[in-house]
1. What are the DSSP H helices in the chain that stretch 20 Å or more along their long axis, judged by alpha-carbon atoms, and whose average Kyte-Doolittle hydropathy comes to at least 1.0?
2. Given the peptides 30-40, 75-85, 116-126, arrange them by the average over their residues of other C-beta atoms within 10 Å, most packed first.
3. Would you list which lysines come within 27 Å of LYS83, measuring only between C-alpha atoms, while excluding same-chain residues fewer than 8 positions from it?
4. At a Förster radius of 35 Å, what calculated FRET efficiency corresponds to the Cβ-Cβ distance of SER75 and LEU22, to the nearest 0.05?
5. With point charges of +1 on the Cβ of Lys and Arg and -1 on the Cβ of Asp and Glu, referenced to the Cα centre of the chain, which listed residue (PHE50, TRP28, VAL134) lies farthest in the positive direction of the dipole?
Amino acid sequence: MNSLIRNVVGTGLLAHGAHQFLTNPNWWLYTPICVLAALVSLRPTPSSKFWRVFSSVSAVGGGLLTLFLLWTFLSIDDTPTLKLDEGKQLLQVSVASLLVTSTRLSTDQIKSPVHYVRTSLLLLTFAVALLSAVVSFKYFAE
């Protein structure tokens, strides 16, 4: 069941990334992280060094982008004359971060004490992405 959900969400992110590439002039900000997260999650191979590097870049980059977007949108949200159409992109980036961190956490193997630090950072990224996904729904209501 877990792999079915991961495949459906990953395929949806790939399709959404293609749509963003074709229609959004700011695709370069959101699409690379989302497509990389989808590709890494669709084909989890934790024994591959390339997979570990790409999934780490996607998890850390997606987490930082999610945190930055959340902070930015919440900071300027109270401006009365500003309408945040870009706030809807927060859900896409949050889902990508959730997908890649959950994939990393579910395929992780304990091999060294560094594992606990890495798992803590992944759990922190997961929590930030989950909070961002919940907050992003208010931009769809407007």
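What follows draws every value from the coordinates through simple rules; no lab data is involved. Keep in mind the model is a prediction, meaning the values are calculated, not measured. Backbone-built Cβ (ideal geometry, glycine too); neighbour counts: all protein chains shown.
1. Numbers: long enough: 2-23 (31 Å, 0.44); 27-42 (21 Å, 1.75); 49-75 (38 Å, 1.20); 89-107 (28 Å, 0.87); 114-141 (42 Å, 1.48).
Membrane-span-like by this criterion, though nothing is claimed about a membrane: 27-42, 49-75, 114-141.
2. Numbers: 30-40: 23.4, 75-85: 9.1, 116-126: 14.9.
Per-residue mean Cβ counts within 10 Å order the peptides as 30-40, 116-126, 75-85.
3. Within the straight-line limit of under 27 Å, LYS83 reaches these lysines: LYS138.
4. Working: r = 30 Å, r/R0 = 0.86.
In this case the efficiency is close to 0.70.
5. Of the candidates, PHE50 comes out farthest on the positive side.
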